[in-house]
């Protein structure tokens with residue numbers, strides 16, 4: 001059986017198949033069951049995302065494996081594939097639904113899995129001035145202008161100054177005063193317009209006592 005290439009037609013066919021099952025029809029006899037496993041599992045990640053769909057764990061004497069891929073909000077199918085194991089590369093951010101139908105003679109059964117393709121993560125980068133050393137009571141200016149997002153815009157900068165204080169800003173530049181000598185681990189995480197957050201970037205600031213200059 002070939003899948004409809006239109007989502008409305010697919011819903012009509014799928015609904016009819018379920019009705020046939022409820023009424024005792026032959027669509028899903030005992031022992032015939034479609035099962036999908038994926039690699040990666042769960043099938044999610046930043047685009048482009050390559051996913052392998054495996055139907056070999058489906059139950060029954062299966063003669064055909066038919067696949068159809070839809071994007072959420074779109075009526076037309078992106079692709080139809082056949083075989084027990086297939087692969088597809090999702091090139092754009094969005095949610096997708098992948099259906100599998102297995103057949104054995106006149107009998108068939110369907111299942112589906114959702115694929116979540118996310119935007120690429122932003123990258124956090126920053127500099128400090130002065131760096132790497134400052135006298136206590138003095139201010140350090142941090143600049144994250146070199147941070148970037150490959151497919152969107154950076155909306156917020158979340159700073160942890162290592163001394164118990166943190167700040168969230170919409171500007172890439174921020175200043176902070178250190179009032180006690182010591183070594184502080186400064187971290188930055190940026191968030192983009194999709195709500196995705198970067199891995200933390202880090203610098204270490206050494207704060208020396210007043211008048212010390214460089215204490216080693």
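The values are calculated or read from the model by the stated rules, or taken from the named source; none is laboratory data. Because the structure is predicted, anything quoted here is derived from the model rather than measured. Cβ atoms come from the backbone with ideal geometry, glycine included; neighbour counts cover every protein chain shown.
Considered as a group, the residues in the stretch 138-152 that are at pLDDT below 95 and surrounded by 13 or more Cβ atoms within 10 Å (Cβ to Cβ) include one that is nearest to residue 192 (Cα to Cα), and that residue is 152. Scanning the stretch 111-128 for residues that are buried (at least 22 other Cβ atoms within 10 Å of the Cβ) and over 23 Å from residue 194 (Cβ atoms) turns up nothing.
Residues in the stretch 153-180 that are closer than 17 Å to residue 197 by Cβ and surrounded by fewer than 16 Cβ atoms within 10 Å (Cβ to Cβ): 153, 155, 156, 166, 167, 168, 169, 170. Entry remark, the stretch 182-199: residues being in contact (Cβ under 8 Å) with a residue 24 or more places away in the chain, surrounded by 16 or more Cβ atoms within 10 Å (Cβ to Cβ) and over 24 Å from the mean Cα position of the chain (by Cα) number 1 in total.
Taking residue 81, is it farther than 20 Å from residue 105 by Cα, in contact with a strand residue (DSSP E or B) (Cβ under 6 Å, 6 or more places away or on another chain) and at pLDDT 95 or above? No, not satisfied.
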